[in-house]
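*Asks:* Shown below is the structure under consideration.
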Amino acid sequence: MPRVTELLNQIVELVQQYNSEEWHKVNLDPGLTPKQIQSYLEGKSFTLPIEIIELYQWRNGTGYGSLFPSAESGYDEQEFYSLASALELGEEWEQDFTPIVHVLPLFGFEGTYYWTVLPETQQELATLYVTDEADFDTSSPNYPSLTAMLEKQIRRLKFVWKID
């Protein structure tokens, strides 16, 4: 099983076990097939890092609610963008803020976005940035990969819920 999928499943298991009263509010859309993902990329001058492909094969965003609980264990503030929504929002950002790079927002939380730069050629890892729209020009990476962000999320959940 790919590492991203393994970590996402671990997060779901933790949330179901330690915060099940909130988990029922989350509606994750089914994952996409490789062919569906490729259809979104037809005619584009970029590709998705392998980690991002794994993310969208696992689930294609949320119909409502959030993938990750906040520190207070709520779900209603964060959004996990479907691939179609993420590509559309990324195109808007490119027109308004980042005309020389392709960006893909993955998650949004109260005006703060988790996003990555999309490469022209296939890469394994997706460097993640956490910022608001106005800070694109001065952003520096917050996580070296989606895997690193998910690992940190698991550590945070275990700390908040006092899990050994």
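The values are calculated or read from the model by the stated rules, or taken from the named source; none is laboratory data. Everything numeric here is computed off the predicted structure, so don't read it as measured data. Note: ideal-geometry Cβ built from the backbone for every residue, glycine included; neighbour counts use all protein chains shown. Please note that ligands, DNA and RNA were not included when accessible areas were found on the heavy atoms of the full protein model with its side chains. Shrake-Rupley method; radii C 1.70, N 1.55, O 1.52, S 1.80 Å.
*Asks:* Of everything in segment 25-50, what is under 23 Å from ILE11 (Cβ atoms) and part of a loop (DSSP other than H, G, I, E, B)? Give them in sequence order.
*Replies:* The answer is LYS25, VAL26, GLY31, LEU32, THR33, LEU48, PRO49.
*Asks:* Of the residues that make up segment 15-28, is at least one open to solvent by 30 Å² or more (accessible area, probe 1.4 Å) and touching a Lys or Arg at 6+ places or on another chain (Cβ under 6 Å)?
*Replies:* Looking for residues that are open to solvent by 30 Å² or more (accessible area, probe 1.4 Å) and touching a Lys or Arg at 6+ places or on another chain (Cβ under 6 Å), one finds at least one in segment 15-28, hence yes.
*Asks:* Need pairs with beta-carbon distance below 6 Å; first residue closer than 23 Å to GLU6 by Cα and within segment 42-67, second open to solvent by less than 10 Å² (accessible area, probe 1.4 Å) and modelled with pLDDT under 95; sequence gap 6+ or separate chains.
*Replies:* That search, which allows pairs on different chains as well, returns TRP58/LEU8; GLY61/PHE80; THR62/PHE80; GLY65/TYR75; SER66/TYR75; LEU67/PHE80.
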